[in-house]
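Right, one structure below, let's go through it.
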Amino acid sequence: MGRVLDPSPPASLDEELERLAVLGDPDAPLPADAEPWHPDDRADGLLPDWYMPAPSGGQLRGWRRKVAWLVVGAALAVVASGLCNTYGELVVA
């Protein structure tokens with residue numbers, strides 16, 4: 001005898017998905033024409049692009065590179081001097 005799903009609307013999509021997952025049969029056979037889900041065929045890395053896309057952009061040039069070095073240098077100077085700036089407040093670590 002099959003299980004009957006509750007016809008009342010779920011409170012949220014997460015609750016509905018959880019309910020369907022609990023009611024699902026983990027031992028059910030897959031259809032013969034089942035294919036893995038790949039939104040794009042460029043699976044050349046360890047993780048798919050929809051999960052963790054490759055970094056975009058290129059090298060910084062001109063004033064942008066100087067600003068980036070200034071930010072990194074300032075962060076290193078704060079840490080090297082024994083201070084902490086985790087939450088935007090400069091305190092002695």
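If the Cβ limit is 6 Å and pairs must be 6+ apart or interchain, which residue in segment 59-84 that is on the phi > 0 side of the Ramachandran plot pairs with which residue that is outside any strand (DSSP E or B) and modelled with pLDDT under 90?
Pairs found: Gly82/Ala93.
Within segment 78-93, take every residue that is touching a strand residue (DSSP E or B) at 6+ places or on another chain (Cβ under 9 Å) and small (Gly, Ala, Ser) and give me the one that is surrounded by the most Cβ atoms within 10 Å (Cβ to Cβ).
Ala93
Somewhere in segment 52-70, is a residue surrounded by 10 or more Cβ atoms within 10 Å (Cβ to Cβ) and at pLDDT below 80?
yes
The values are calculated or read from the model by the stated rules, or taken from the named source; none is laboratory data. For clarity, every value in this text was computed on a predicted model and none was experimentally measured. Note: ideal-geometry Cβ built from the backbone for every residue, glycine included; neighbour counts use all protein chains shown.
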